[in-house]
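Only one structure is covered here, and it is reproduced in the block below.
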Amino acid sequence: MPSFNRRSFLQLGLGATVLGAVGTACSPATPAAKKQDARTFTIYWNAGHGYQAYKEVIDQFGKDHDLQMNWQKFQWPDLTTKLTADFRSGNVPDLVEEVSAGTGTQYGLAGNVLALDDFAAGDKEFGFPGDYLDQAVVARQYEGKTYSIPLHLTANGLLFYNKGMLSAAGFDKPPTNWEEFLEIAKATTKDKVSGCALNSDPSYAAPYYNQQSVDFSNAGAKQFMMPADGALKALQWMQDLIFTHKVSPAPVATTDYSGPQKLFSAKRAAMFVSGPWDIGPIRQGSPDIDLGVAVPLTGAVQSAAMAGSGLMIPAKAKDPKLSWELITKLAAVKVELAATKEAGMSMPRKSWAADPAVAADPSLATIAKSLAVVAKQDIALSASGKAAQINELWKKAYQQMIIQHAPVEQTLADFRKQAGAAL
């Protein structure tokens, strides 16, 4: 893959192509359909990550192996629901994009996805784990086994800001801490423009509570959102942005996490907190916006939440060796570079980070600084098998506080009680 300059990286981002789930065309009742099904390779993927770089690899893989490639794309909650049902029925896809680090571990310990260490050990050219940043690998391992291969590695906590809006309000630099953030959010809130936009997806609360040194979970102790005073401060501050200071609209409950990005792209919000996955859509949809991307804010500490997906193979996949081969092609460094050029996504390989096009780019340098302050994850929660249930409890609690204006202290206390009981 030829290198690219930073101007082309920033201006040619194509963003995330959101496509519906794709199925086979023939009825399973016919002999022709049965033949097609036998040669169909099914992939479950996040809709926001349907990059052309991956499509080209998948299309070529189908041609090379005479396969009908059935690339199905879902929003994350829908993917989880579909995959859970498939595990129960035994009718599983051949390859799955992992929702987040630790998801593969949860599925693997339940016997639903394969440990991939033997595949990696037998494939020296692929470079796993040696060519991967440690934080991307460790988060996917438990008791010496690796249940998914990192596809993306990034930080949820980058500050996106409209330079023109901040300049018009008298600010030539982005905020660096919560106090400055609120000051600028108030100054840029006017007419139909909000100073900032919060997300209805509960994972977007993580940067804020991490910035108060709060751990989401300590599964061994059956504790959640602790210390309690830091959690209260973080969630109360978020709620106040909406209902007290009125610098953010109340989010709308949805499975689509792109609401703040869409408001920003429509010039209806001056700032929002997210990750590199939103660079491409903004560049493509609103090229006239003078986009700024800054490192995570500082509350009590500067922090971000580790984000990024992986690739996992269901235990009942038709041909795991074939699935592994596609992993190695999708996660090759040249494909990583192509996806970065296309959509601004950051990647887990050391050789990706060392590439001149990456090392010299200021936006990617900001992402690298953010990765340096990501909070540690509780691997034991994934291993407990209760992560999905607890995440649903947290989603309900978060949306009660942020959308419905429920009392923060009591809602957090109720969540802790419910989550502890689930363990």
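Structure above, values below:
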quantity: Count of the stretch 356-385 residues which are outside any helix (DSSP H, G or I) and either open to solvent by less than 30 Å² (accessible area, probe 1.4 Å) or closer than 27 Å to VAL301 by Cα (or both); calculated: 8
quantity: In the stretch 395-404, the residues that are surrounded by fewer than 21 Cβ atoms within 10 Å (Cβ to Cβ) and either small (Gly, Ala, Ser) or assigned to a helix (DSSP H, G or I) (or both); calculated: LYS395, LYS396, GLN399, GLN400
quantity: Test for GLN211: is it over 23 Å from VAL99 (Cβ atoms) and buried (at least 24 other Cβ atoms within 10 Å of the Cβ); calculated: yes
quantity: So GLU325, is it outside any loop (DSSP other than H, G, I, E, B), over 19 Å from the mean Cα position of the chain (by Cα), at pLDDT 95 or above and within 30 Å of LEU109 (Cβ to Cβ); calculated: yes
quantity: Search result, residues across the stretch 336-355 that are of a type outside the set (A, V, I, L, M, F, W, C) and open to solvent by less than 40 Å² (accessible area, probe 1.4 Å); calculated: GLU336, THR340, GLU342, GLY344, SER346, PRO348, ARG349, ASP355
quantity: Complete set of residues in the stretch 169-208 that are touching a His at 6+ places or on another chain (Cβ under 7 Å) and open to solvent by 60 Å² or more (accessible area, probe 1.4 Å); calculated: LYS186
quantity: Test: residue in the stretch 139-152 that is surrounded by 23 or more Cβ atoms within 10 Å (Cβ to Cβ), free of Cβ contacts under 8 Å to residues at least 24 places away in the same chain and closer than 19 Å to SER274 by Cα; calculated: no
quantity: Per-region count, the stretch 268-287, residues part of a loop (DSSP other than H, G, I, E, B), touching a Gly at 6+ places or on another chain (Cβ under 9 Å) and either more than 22 Å from GLN212 (Cα to Cα) or assigned by TED's automatic domain parsing to the domain that holds ALA365 (or both); calculated: 1
quantity: Residue that is nearest to GLN60 (Cα to Cα) [pool: residues in the stretch 70-111 that are β-branched (Val, Ile, Thr) and either open to solvent by less than 10 Å² (accessible area, probe 1.4 Å) or more than 18 Å from the chain's Cα centre (by Cα) (or both)]; calculated: VAL96
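The values are calculated or read from the model by the stated rules, or taken from the named source; none is laboratory data. All of these numbers come straight from a predicted model, not from anything done at the bench. Here Cβ is always computed from backbone atoms with ideal geometry, including for glycine, and neighbour counts include all displayed protein chains. Remember, those area values only see protein heavy atoms, side chains included, never the ligands or the DNA or RNA. Shrake-Rupley method; radii C 1.70, N 1.55, O 1.52, S 1.80 Å.
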